[in-house]
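One structure is given below, encoded as C-alpha cells.
The values are calculated or read from the model by the stated rules, or taken from the named source; none is laboratory data. Predicted model only: the values in this text are computed from it and were never measured. Methodologically, a virtual Cβ is constructed for each residue, glycine included, from the backbone with ideal geometry; neighbour enumeration extends over all protein chains shown. Accessible surface areas use protein heavy atoms only, side chains included; no ligands, DNA or RNA. Shrake-Rupley method; radii C 1.70, N 1.55, O 1.52, S 1.80 Å.
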Amino acid sequence: MTTAAMKRRTPTLTVGAILVGLVVLLAVMSFLWTPHDPTRVDAAVRLLGPTGDYLFGTDKFGRDLVSQIMVGARTTLYVGVVAVGVAAVIGTPLGILAAMGPRWLGEFVMRVNDLVLAFPALLLAIMFGAVFGASTLTAMIAIGIATVPSFARIARSGTLQVMSTEYVLAARAAGRSRFAIAHRHVLPNVAGLLIVQSSVSFAIAVLAEAALSFLGFGTRPPTPSWGRMLQESQELLAVQPRLAIVPGIAIAIAVLGFNLLGDGLRDRLDPRLAGRR
Amino acid sequence: MILGIARRTAIFLVSVLAASIAVFLFMAVLPGDPAQVALGINATPELIARTRAEFGTDRPLTTQYFDWIGGVLTGDFGRSYVTRDLIGPQLADRLGVTLWLVGAAMVIAVVIAVPLGSFAAVRHRKVSGTVISGASQLGVAVPAFLAGILLVQVFAVQWRLLPSGGWTPPNQDFGEFLRGLVLPALALGLVQGAVLTRYVRSAVLDTLREDYLRTARAKGLMPGQALVRHGLRNAAVPVVTVLGLQLTTLLIGAVVVERVFVLPGLGSMLLDAVAARDLLTVQGIVLVLVIAALLVNFLVDLLYTVIDPRLRRS
C-alpha cells in the first residue's frame, strides 16, 4: 500500500482515538474537578433545563448532568478495563496453550470455549447478580468471563499461524523450549491482534455495562453510571427527553470510539484487510 | 458428509448436557437455602425442613440434578419456589412472546442489511457507499434499549402513532398485536441491522474481488446482475454465520427491550424471577436461553455444509 493510501485510511483511527481520548479526558478530569457534586441532591434545582451553571441541566433529584456524565465516564472505563483485562489474562494463555499444547487439549479448550459462548455477557451478569448480588464488580467479572472465548480464539489462530513460520521451526530445531518460543516469538506476534480485540471488546463491555445498569444489575446508586441515568430518565421521557439523550450520546460516543479505534488499528496492522469491515 | 453431521450432532448433545450441569451447579452452590428464602426469616426449623422436603432440596445434588433434567426433557421444569406454580407452561407462554419479537427483529435486520450492505460494497469508493458505512458504524454504537427509548419518544409520545408498550396476543386482536410489536421489533432490529450491514458489506466486497465475478462482468453482465446471479450465494456463507450468532444476541437483547416496552416475554420473566429470588425459575429460563444459543450454532454449522459444498468433505 502506498503512503497516500495509508493516509486516506487513517480517519478511522484518528476519529476513534479522538472519541476515546474524549471519554478518557472526561474521566481523568472528574477526579480533579466537576462543575457540581454529581451525587448532591437538591430539590431547589430539580429538572432545570440547560443553563450557564448547569450546561445540560439537572435530573429529577437536582443532580447536575455534566458532572454525572464525567464521573460516569470513570465507571464506564473502569468496567471496560477490568472486563477486558479479565478476558485477556484468561483467554490469551488458554488460546496459546490450545495451539501449542497436545491436540486433545486444544480440542478440549475450544469446546469449553464454545460452551462459554452460549452464555452471553448479559445473561451471565444476570445470573451472577442473582447469586452474588448485583454490583459493578459482578458485572465486570461476568462481562470479562463472557469475553474470554473471543481472546482465546484470536490467540489460538494467531499462534497457529506463527507456529508454522520458518523462524519458529528454526527455533524449535535449535532446541528452544515451548515456553521460550511462546514468550519470544508467539506473544509479540499475536500482541497486535490482541490489542485490536481489546478495543472491540471494550466497546462491547461498555454496551453491556450500560444495559446492565439500565436493568438494575450493574452499578449501584449513588455511583453515577450512564446506563442508570438512562433508566432513571425513562419515567420522565415525555417531558424531559434531554435526560435520556445526554447519557445516550455519551454511550454512543464511547462505543463508536472504541469500535473505530479497533477498526483503525486492524487496518494499520494488516493493510490487506483495510476497508473490508 | 453424514459422518460430519453425526459428529456435529454428538458435539451439540454433549454441549447441551455440559451446559445443563453448569447451570444447575451454578444455582446450587449459591448461598442461601431456597426453603428459607421462600418462607422468610421467621419460619420455624420444622417448617423449613418440611418445605425443603417438599422442594426436594434436602436430597443429594446428583438426585436433584437428574430429577430436574429428567423433568425438563418432558417439558416439566418443576414448580416455582415462590409462587408454587408450574414453571413449564408459563415459560412456554413467555417464550412465544420473545420469539415473535426476535423473529420480527431478525426480518427487519435482514431487510435493512442485505440491500444496504450490498449497495455500500458496490459503491465502496463513492460517497453514497461511505455514508452507509458511516451510518452503520453509528447504528452499532447505539444500544437497543436506547433506540427503544428514542422510538417511544418520537412515535408514541410525540406523534401518538403507536403504543409505547404492552402486549396483545396475536389470536386476540391481530392488528393491535402488530401495532404493539412494531416499536420493540424496530428497536432490536435496527441496531442488529446496522451490525449486519457491515458484515454484508465486507462479505460482498470479498466476493466482488473474485475471479468468477470478473468473468461474469467480462461476459457482459452489469455489476448488479453479476452480483445477484453469482455473488450473493458466496457472500451468504459468512453472513449466515453472523446471522446465527446474532440470533443469540437478539434473544439476550430482547431481555432489555422487553423491559423498555413492558412486554411479557422470557426476559421480563427472568428479571422478575431474579428479583423474587425464584431460583428454580431462573434456572429453567437460563437453560432454555443457553440451549437456544447452542442450537442456533449447531444449525448454522449444518447450514454451512448445505450452502457451501466445499465444506461437506471436512
Part-to-part distance (alpha-carbon centres) for the range B:234-304 and the range B:55-134, which is given in Å:
3
With springs only between Cα atoms under 10 Å apart, run a GNM on chain A and tell me which of A:65, A:19, A:55 wobbles the most.
A:55
Once Rh for chain A is found with the Kirkwood sum over Cα pairs, what is the Stokes-Einstein diffusion coefficient at 10 °C and 1.306 mPa s, in µm²/s?
77
Report the relative contact order of the range B:96-311, percent, no decimals, based on alpha-carbon pairs under 8 angstrom and at least 6 residues apart.
27
Would you kindly state how much longer the chain becomes between residue A:157 and residue A:177 on full extension, computed as 0.36 nm times their sequence separation minus their alpha carbon distance, in nm to one decimal?
5.2 nm
Show me A:93-100, A:140-147 ranked by packing, highest mean number of other Cβ atoms within 10 Å first.
A:140-147, A:93-100
Cβ crowding within 10 Å averaged over residues, with B:105-114, B:221-230 ranked highest first
B:105-114, B:221-230
Hey, if we sort B:215, B:74 by accessible area with the 1.4 Å probe, largest down, what's the order?
B:74, B:215
Ordering A:114, B:173 by accessible area with a probe of 1.4 Å, largest first, what comes out?
B:173, A:114
What is the calculated FRET efficiency for residue A:78 to residue B:85, with r their C-beta to C-beta distance and R₀ = 51 Å, to the nearest 0.05?
0.80
What accessible surface, in Å², does a 1.4 Å probe find on residue B:126, ignoring ligands, DNA and RNA and rounding to the nearest 10?
110
Among A:170, A:244, A:210, which one shows the highest mean-square fluctuation when chain A is modelled as a Gaussian network with alpha-carbon springs under 10 Å?
A:170
Would you please give the FRET efficiency between residue B:182 and residue A:166, computed as 1/(1 + (r/R0)^6) with r the Cβ-Cβ distance and R0 = 60 Å, to the nearest 0.05?
0.55
With a/c under 1.5 counting as rounded, go ahead and sort the protein assembly as shown into rounded, prolate or oblate using the C-alpha gyration tensor (a ≥ b ≥ c being the square roots of the eigenvalues; past the cut-off, prolate if a/b is larger than b/c, else oblate).
rounded
Across the range A:1-111, how large is the tail of the calculated P(r) beyond 25 Å, expressed as a percent of all Cα pairs?
54
Apply the a/c threshold of 1.5 to the C-alpha gyration tensor of the range A:177-247 and tell me whether it is rounded, prolate or oblate.
prolate
Full-extension gain in nm, residue B:232 to residue B:18, via 0.36 nm per residue minus C-alpha separation
73.3 nm
How large is the convex hull of the C-alpha atoms of the range B:2-87 per residue, in Å³?
95
Roughly how many nanometres apart are two label points built 7 Å out from the Cα toward the Cβ at residue A:22 and residue B:272?
4.1
Residue mean of other protein chain beta carbons inside 10 Å, B:146-154:
5
Using a 10 angstrom cutoff on alpha carbons, build the Gaussian network for chain B and name the most mobile of B:24, B:66, B:145.
B:66
Counting only the heavy atoms of the protein chains, how much of residue B:7 is accessible to a 1.4 Å probe, in Å² to the nearest 10?
130
Place a point 7 Å from the Cα of residue A:111 in the direction of its beta carbon; the residues of the range B:58-81 whose amide N falls under 13 Å from it are none
Would you please give the FRET efficiency between residue B:127 and residue B:58, computed as 1/(1 + (r/R0)^6) with r the Cβ-Cβ distance and R0 = 51 Å, to the nearest 0.05?
0.15
At 0.36 nm per residue, and after removing the present C-alpha to C-alpha distance, how many nm does the segment from residue B:299 to residue B:221 gain when stretched out fully?
24.6 nm
Let me check something: with ligands and nucleic acids excluded, how do B:206, B:58 order by accessible area (1.4 Å probe), largest to smallest?
B:58, B:206
On the full set of protein chains, 1.4 Å probe, figure out the accessible area of residue A:111 and give it in Å² to the nearest 10.
80
When each pair of different Cα atoms in chain B is counted once in the 1/r mean, what is the Kirkwood radius in angstroms, to one decimal?
22.4
Peptide A:236-243: average number of partner chain Cβ atoms within 10 Å per residue?
3
1.4 Å probe accessible area per residue over the protein assembly as shown, in Å²:
47
Rounded to the nearest 100 Å², the accessible area buried between B and A, both sides, probe 1.4 Å, is 3700
Over all residues in A:112-122, what is the mean tally of Cβ atoms on other chains that come within 10 Å of each residue's Cβ?
6
